[in-house]
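Notes to accompany the following structure.
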Amino acid sequence: MSERVRVAAVQAEPRWLSLQEGIEQVTGLIAQASRIGAQLVAFPETFVPGYPWWMWLNTKGWGAEFAARYRDASMTREGDEIHAVLEAARAHRIHVVLGFSERAGDQLFMSQALIDQHGLLRAVRRKRELNRLESQVFEPGGGDQPRAYDTELGRIGMLSGSEHLQAVTRQQMYRTGEQIHIASWPGFAIYRGATRGRGHWANASASLLYSVESASFVIAPTAIVDVAGWELDGATGPQTRLLHNPGGLTTIYGPDGHELGAAPSEKRSGLVYADLDFAALGKPRPAYPVSTHLNPEIYRGPAGNQVAARMLRRSF
């Protein structure tokens, strides 16, 4: 049984408000991750059809210009779009954690789908703790406690964005015995230059803290935000003073908080990947067969560990 698993984290700008283009982008990134030998690829929060940043830019009335389009571009659990993602996971033999806006009847949820390498939808988790602005667009998820899921790669858990700032939610996840944690973020594009307690520094540090407290590997994919992208189709008067692009800080952490891989620039689109050495966890893994692809390009990481990580120099 191999003790190494290669994982990839997406850093890219979503295809804003376009469901079809968004799914094409997702399946393309799944194929790209597979080509570099990744056995798991993780996407940012609500990557399809993009995080609704208009909430931060102007009045609620101004945001209503986007609300109907956002709902139409959101994905269901039963539609052709999710099946396209399942098929891509099956075809490329890769686990996928996809952040998406889930449409269920008249409601929207901030959801994460866990898909295994056989193309089976193992779980859909809905974000429970919404901030005040997110509550204008989405409904909170159900009352079930967070859990981790047994897979051929180990126990995988997942939370969305600001849930990592909730102490009770974190403690619930720590008790699940997860070995790989997906910390999906929408991008760190607000409050740049503000106090650390509200700015991107605090949010980005939450993933690092999570790896130390949970003693698990943390994969933290982050979207890129193009401020100009919200000057859409004649929408009136966006006030972008709070939003500063691009905000991509995708990182992969080891269980003691050392950095296994990080995007070289917050502007660069592509995949960050790393080889996870489960011997570092100090706890047993499930007895599942796992295949691995060793990376010929090795560098010595900040903690002196030899890790494999690089950014693919390709824009999507």
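The values are calculated or read from the model by the stated rules, or taken from the named source; none is laboratory data. What you see is a predicted model, and the numbers here were worked out from it, not measured in a lab. Here the Cβ positions follow ideal geometry from the backbone for every residue, glycine too, while neighbour counts run over all protein chains shown.
Before moving on, here are some points about what is shown:
- Contacts under 7 angstrom Cβ, first residue in the range 274-287 being over 21 Å from residue 8 (Cβ atoms), partner of a type in the set (D, E, K, R) and modelled with pLDDT of 95 or more, 6 or more apart: 286/150
- Filter result (in contact with a Pro (Cβ under 7 Å, 6 or more places away or on another chain) and free of Cβ contacts under 8 Å to residues at least 60 places away in the same chain) within the range 19-33: 22
- Verdict on residue 27 being in a helix (DSSP H, G or I) and modelled with pLDDT of 95 or more: yes
- Filtered residue count, the range 158-175, keeping only those that are under 19 Å from residue 254 (Cβ atoms) and in contact with a Lys or Arg (Cβ under 7 Å, 6 or more places away or on another chain): 2
- Selection status of residue 113, at pLDDT 95 or above, surrounded by fewer than 18 Cβ atoms within 10 Å (Cβ to Cβ) and part of a strand (DSSP E or B): no
- Of all residues making up the range 1-53, the number that are aromatic (Phe, Trp, Tyr) and surrounded by fewer than 22 Cβ atoms within 10 Å (Cβ to Cβ): 1
- Which listed residue, of 114, 133, is of a type outside the set (Gly, Ala, Ser) and without any contact (Cβ under 8 Å) to a residue 60 or more places away in the chain: 114
- The set of residues from the range 58-83 being modelled with pLDDT under 95 and surrounded by 20 or more Cβ atoms within 10 Å (Cβ to Cβ) comprises 63, 66, 70.
- Qualifying residue in the range 178-191 (condition: free of Cβ contacts under 8 Å to residues at least 24 places away in the same chain and out of contact with any His (no Cβ under 9 Å at 6 or more places or on another chain)): no
- Residue check for residue 101: among the hydroxyl-bearing types (Ser, Thr, Tyr), part of a helix (DSSP H, G or I) and under 19 Å from the mean Cα position of the chain (by Cα): no
- Members of the range 116-137 that are crowded, with 16+ Cβ neighbours inside 10 Å and either farther than 27 Å from residue 88 by Cβ or of a type in the set (Val, Ile, Thr) (or both): 124, 128, 129, 130, 134, 137
- Some residue of the range 43-54 being in contact with a Gly (Cβ under 9 Å, 6 or more places away or on another chain), under 18 Å from residue 187 (Cα atoms) and of a type in the set (Gly, Ala, Ser): yes
- Selected residue [part of a helix (DSSP H, G or I), in contact (Cβ under 8 Å) with a residue 24 or more places away in the chain and small (Gly, Ala, Ser)] from 64, 123, 84: 84
- Residue within the range 278-295 that is at pLDDT 85 or above, in contact with a Ser or Thr (Cβ under 8 Å, 6 or more places away or on another chain), among the small types (Gly, Ala, Ser) and outside any loop (DSSP other than H, G, I, E, B) present: no
- Hits in the range 138-176 (condition: more than 17 Å from the chain's Cα centre (by Cα), in contact (Cβ under 8 Å) with a residue 40 or more places away in the chain, surrounded by fewer than 22 Cβ atoms within 10 Å (Cβ to Cβ) and not in a strand (DSSP E or B)): 152, 169, 174
- Residue 102, sole failed condition from (1) surrounded by fewer than 19 Cβ atoms within 10 Å (Cβ to Cβ); (2) without any contact (Cβ under 8 Å) to a residue 40 or more places away in the chain: (1)
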